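**Q** Please find one structure pasted underneath; my questions will follow.
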Amino acid sequence: MIAIERKFMNIKIKTFYLANEDIQKGDVQAQLIGYTHSFIPKSSLRSFETIQIDLLKDESELLMEMHKTTRRQIRGALERGFTHVVIENPTDQELLDFQVFYNRFARNKRTHTFNSYHMQTMKLLREQNALMLTYMQDKDKNILCYRIYMTDGIVALNLYSASHFRIVDNQELKRILSQANRLLIWKSILWYKDKGQMLYDMGGLTDDENIRRFKLGFGGKIALAYTGYESQSMIGKIILRVRDLKLKLLKGIV
């Protein structure tokens, strides 16, 4: 479990990542308590599915648990001579480079961009020596895809991933990006396995059938995780109500 603290609009927020034990509100000195990818169910938190891969298994067993299409794509990527780059606790500039790459991907996909709040989160995780940025590049040093992970020493959690697969029209380039993305995940799995981590967590499953099929192709088991906030003050409750209203407006519910 990793915890970070910050102030937002003069409100103290403490966020727990990968919580594996019950946290009593009265024990936390903050007006808002956040939970990201908690493994402890609470009525105040939203549950969702994720995929976890057991890193205690040997490499051959992990490969055999993958879908044959995933294995084939990884083999194809290995033949292309891609370079796997791992950066532990990336610098501000390396995070900015990722932000530019990710936001191009996010705008095309019409999803949330990587903003200043997210950037601060990455820097706070970096202060805990919990952050890793990784990417795959081709022979010309072009970055093909990115991933950002955090770990508590037990679970390696995928926080962000980005590829320009949906932006390009060229079918051969799409094939290259698809292979590179799968190889990046496989290399990350092996990297964390070598570091002695116990679990690799895909970061959640969605209702998008293509993404779901892509993630399930790596094997592992479906598990439940939980996310959300709890308030310990009136101002905290007001902020959460405003936040919930904004989310409903974005989804067109109200």
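The rows are residues; the columns are (1) under 21 Å from the mean Cα position of the chain (by Cα); (2) over 22 Å from GLY204 (Cβ atoms); (3) hydrophobic (A, V, I, L, M, F, W, C).
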| residue | (1), (2), (3) |
| --- | --- |
| ARG6 | yes, yes, no |
| LEU18 | yes, no, yes |
| TYR35 | yes, no, no |
| PRO41 | yes, no, no |
| LEU45 | yes, no, yes |
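**Q** Looking only at residues in region 182-240 that are under 25 Å from THR15 (Cβ atoms) and among the polar types (S, T, N, Q), which one is least open to solvent (accessible area, probe 1.4 Å)?
**A** The residue in question is SER188.
**Q** Separate question: For region 105-122, what are the residues that are open to solvent by less than 70 Å² (accessible area, probe 1.4 Å) and under 26 Å from PHE16 (Cα atoms)?
**A** The answer is ALA106, THR111, THR113, PHE114, ASN115, TYR117, HIS118, MET119, THR121, MET122.
**Q** Within region 30-84, which residues are free of Cβ contacts under 8 Å to residues at least 24 places away in the same chain, part of a helix (DSSP H, G or I) and either within 30 Å of ALA19 (Cβ to Cβ) or among the basic types (Lys, Arg) (or both)?
**A** If the condition is that a residue be free of Cβ contacts under 8 Å to residues at least 24 places away in the same chain, part of a helix (DSSP H, G or I) and either within 30 Å of ALA19 (Cβ to Cβ) or among the basic types (Lys, Arg) (or both), then GLU61, LYS68, ARG71, ARG72, ARG75 are the ones that fit.
**Q** Further question on the same structure: Only one of MET150, MET122 is over 21 Å from GLY219 (Cα atoms), touching a helix residue (DSSP H, G or I) at 6+ places or on another chain (Cβ under 8 Å) and hydrophobic (A, V, I, L, M, F, W, C); which?
**A** Criteria check complete, one pass: MET122.
**Q** Here is a check on your reading of the model: is ARG72 within 21 Å of the chain's Cα centre (by Cα) and open to solvent by 80 Å² or more (accessible area, probe 1.4 Å)?
**A** In short, no.
**Q** While we're on this one: Return yes or no: is LEU63 at positive phi, at pLDDT 95 or above and surrounded by 12 or more Cβ atoms within 10 Å (Cβ to Cβ)?
**A** no
**Q** So ASP22 ticks every box in (1) over 20 Å from TYR146 (Cα atoms); (2) open to solvent by 80 Å² or more (accessible area, probe 1.4 Å); (3) at pLDDT 95 or above but one. Which box is left unticked?
**A** Here ASP22 meets the rest and fails (3).
The values are calculated or read from the model by the stated rules, or taken from the named source; none is laboratory data. Note that the coordinates shown come from a computational prediction; the quantities given were computed from them, not determined experimentally. Here the Cβ is made from the backbone with ideal geometry for all residues, glycine too, and neighbour counts use every protein chain on show. Quick note on the areas: whole protein, heavy atoms, side chains included, nothing else; ligands and nucleic acids left out. Shrake-Rupley method; radii C 1.70, N 1.55, O 1.52, S 1.80 Å.
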